[in-house]
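Everything on this sheet refers to the single structure shown next.
The values are calculated or read from the model by the stated rules, or taken from the named source; none is laboratory data. Bear in mind that the values here come from a model prediction, so they are computed numbers and not experimental data. Ideal geometry is used to build each Cβ from the backbone, glycine not excepted, and the neighbour counts take in all protein chains shown.
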Amino acid sequence: MFRFAFLLCLTALAHAGVPPVDIDTAAQLYQEAAIREQVRASLGSMPGHIRKLFQGNTSAPLTDTQLDAVNSAATRAFRIDVFEAPALSAFAANLNADTLVKAEAFLATDTGKRMVAADLGLASLSDAEADKVMNGDILAPSTPQRDALFEKLERAERSAESTVQILLTMGTAVATGTAVGSGMDPGPVEQRARKSGEASRQTLEENMREPTRRYLAYGYRDLSDADLKRMLSFLQSTAGKQYISAYLASLGAGFYAMGRRCGEQLGESLRELAMAQLATESAGQAHPVPAKPRP
């Protein structure tokens, strides 16, 4: 259920009046779901993804030196230690005792273990492999019955919605952090980023549905139809829905923290580069190169 390129993240609030579980208790379920391992598998490609985001900004293209600063900031920010504290806090806050017990019981089954192993396998795909799967260049064998099951699983896991949400969250976090690091007022920047994201949300979600279904079908290709039905039964239950909310809230909080850290460090670097450039230009004006005498 996780991969950055098609990242799953939708921050959800805990049920009103239901006390959350403590972090130590939540950490056990977090470990059983292999969330740390799935996230860690995605982090190596993050600097490249963030660099591509900035390279795509043709209205204000960055220099090679500035793009190197982007890469450096992303490398320092997208680390498991930056992710884990906010992710665990959000995971615990969105769980309750009943959900915890039932989720642990499901993950302890053979089907649950196969699901987690498949999720980790998906997270470990290279970007090139994942692109081929999402584009339909690599297809898992299927039947009409399995296709129907994957359509329901995609909805139950909220894959398309959460994929878009993580992308929008990441964009907002990096933009806001960059404003902070640059010494700007982050309020208007964050507001513009959120408004722009909301305007495109619905279209992005619909465009992601079919690719995410292919992605799930490939990742769960070794699971039987009976396994898929048991997964769907859990995910559609009250406890399963709350587990997904906690799972996705965890990813949302962790990736927001890394995106914000990346933006702040990038903003500081860009400000330093701008000041160095200004100093160079000022020095050049103060000491102009004398013109060569005419022969």
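Only one of Thr172, Thr203, Thr212, Thr178 is buried (at least 16 other Cβ atoms within 10 Å of the Cβ), out of contact with any Pro (no Cβ under 6 Å at 6 or more places or on another chain) and farther than 24 Å from Leu266 by Cβ. Can you tell me which?
Numbers: Thr172 fails: farther than 24 Å from Leu266 by Cβ; Thr203 fails: buried (at least 16 other Cβ atoms within 10 Å of the Cβ); Thr178 fails: farther than 24 Å from Leu266 by Cβ.
Selected residue: Thr212, the only one of Thr172, Thr203, Thr212, Thr178 that is buried (at least 16 other Cβ atoms within 10 Å of the Cβ), out of contact with any Pro (no Cβ under 6 Å at 6 or more places or on another chain) and farther than 24 Å from Leu266 by Cβ.
In this structure, is Asp22 modelled with pLDDT of 90 or more, out of contact with any Phe, Trp or Tyr (no Cβ under 9 Å at 6 or more places or on another chain), loosely packed, with under 15 Cβ neighbours inside 10 Å and over 26 Å from Ala160 (Cβ atoms)? Give the steps one after another, and end with the answer.
Working: modelled with pLDDT of 90 or more: yes; out of contact with any Phe, Trp or Tyr (no Cβ under 9 Å at 6 or more places or on another chain): yes; loosely packed, with under 15 Cβ neighbours inside 10 Å: yes; over 26 Å from Ala160 (Cβ atoms): yes.
It is true that Asp22 is modelled with pLDDT of 90 or more, out of contact with any Phe, Trp or Tyr (no Cβ under 9 Å at 6 or more places or on another chain), loosely packed, with under 15 Cβ neighbours inside 10 Å and over 26 Å from Ala160 (Cβ atoms).
Of all residues in segment 235-253, which are among the aliphatic types (A, V, I, L, M) and more than 12 Å from Asn96 (Cα to Cα)?
To start, the set of residues in segment 235-253 that are among the aliphatic types (A, V, I, L, M) comprises 235, 239, 244, 246, 248-249, 251, 253.
Matches in segment 235-253: Leu235, Ile244, Leu248, Ala249, Leu251, Ala253.
Taking the conditions exactly as written (among the small types (Gly, Ala, Ser), touching a Lys or Arg at 6+ places or on another chain (Cβ under 8 Å) and either on the phi < 0 side of the Ramachandran plot or in contact (Cβ under 8 Å) with a residue 24 or more places away in the chain (or both)), does Ala92 satisfy them or not? Quick ask: steps written out before the conclusion?
Numbers: among the small types (Gly, Ala, Ser): yes; touching a Lys or Arg at 6+ places or on another chain (Cβ under 8 Å): no; either on the phi < 0 side of the Ramachandran plot or in contact (Cβ under 8 Å) with a residue 24 or more places away in the chain (or both): yes.
The answer is no for Ala92.
Kindly list the number of the only condition in (1) in a loop (DSSP other than H, G, I, E, B); (2) without any contact (Cβ under 8 Å) to a residue 24 or more places away in the chain that fails for Val21.
Among (1) in a loop (DSSP other than H, G, I, E, B); (2) without any contact (Cβ under 8 Å) to a residue 24 or more places away in the chain, Val21 violates only (2).
Do we have any residue at all in segment 97-111 that's modelled with pLDDT of 95 or more and aromatic (Phe, Trp, Tyr)?
yes
Restricted to segment 224-245, and to residues that are over 15 Å from Lys152 (Cα atoms) and within 19 Å of the chain's Cα centre (by Cα), which residue is surrounded by the most Cβ atoms within 10 Å (Cβ to Cβ)?
Residues of segment 224-245 that are over 15 Å from Lys152 (Cα atoms), as a first pass: 224, 238-239, 242-243, 245.
Cutting the leftovers down to within 19 Å of the chain's Cα centre (by Cα) gives us 243, 245.
Numbers: Tyr243: 25, Ser245: 20.
Filtering segment 224-245 for residues that are over 15 Å from Lys152 (Cα atoms) and within 19 Å of the chain's Cα centre (by Cα), the one surrounded by the most Cβ atoms within 10 Å (Cβ to Cβ) comes out as Tyr243.
Can you find a residue that is more than 28 Å from Ala77 (Cα to Cα) and outside any helix (DSSP H, G or I) anywhere in segment 226-241?
Start the filter on segment 226-241 by keeping residues that are more than 28 Å from Ala77 (Cα to Cα), which leaves 226-241.
Filter again for outside any helix (DSSP H, G or I), leaving 236-237.
There is at least one residue in segment 226-241 that is more than 28 Å from Ala77 (Cα to Cα) and outside any helix (DSSP H, G or I).
Of the conditions (1) of a type in the set (Val, Ile, Thr); (2) touching a Phe, Trp or Tyr at 6+ places or on another chain (Cβ under 9 Å); (3) under 24 Å from Gly44 (Cα atoms), Val82 fails just one. Which one is it?
Every condition holds for Val82 apart from (2).
Scanning for something of a type in the set (S, T, N, Q), surrounded by 10 or more Cβ atoms within 10 Å (Cβ to Cβ) and modelled with pLDDT under 80, does segment 258-278 turn up at least one residue?
Residues of segment 258-278 of a type in the set (S, T, N, Q): 265, 269, 277.
Remaining after also requiring surrounded by 10 or more Cβ atoms within 10 Å (Cβ to Cβ): 265, 269, 277.
Among the residues that remain, those that are also modelled with pLDDT under 80 are: 277.
Yes, the conditions are met somewhere in segment 258-278.
Please work out if Pro211 is free of Cβ contacts under 8 Å to residues at least 24 places away in the same chain and in contact with a helix residue (DSSP H, G or I) (Cβ under 9 Å, 6 or more places away or on another chain).
On the way: free of Cβ contacts under 8 Å to residues at least 24 places away in the same chain: no; in contact with a helix residue (DSSP H, G or I) (Cβ under 9 Å, 6 or more places away or on another chain): yes.
The answer is no for Pro211.
Can you tell me which residue among Ala92, Ala69 is over 19 Å from Gly181 (Cα atoms) and among the hydrophobic types (A, V, I, L, M, F, W, C)? If you could, list the steps in order and put the result at the bottom.
On the way: Ala69 fails: over 19 Å from Gly181 (Cα atoms).
None of the other options fit; the residue is Ala92.
For Arg221, which of the numbered conditions (1) surrounded by fewer than 17 Cβ atoms within 10 Å (Cβ to Cβ); (2) in contact (Cβ under 8 Å) with a residue 12 or more places away in the chain; (3) part of a helix (DSSP H, G or I) fails to hold?
Failing condition for Arg221: (3).
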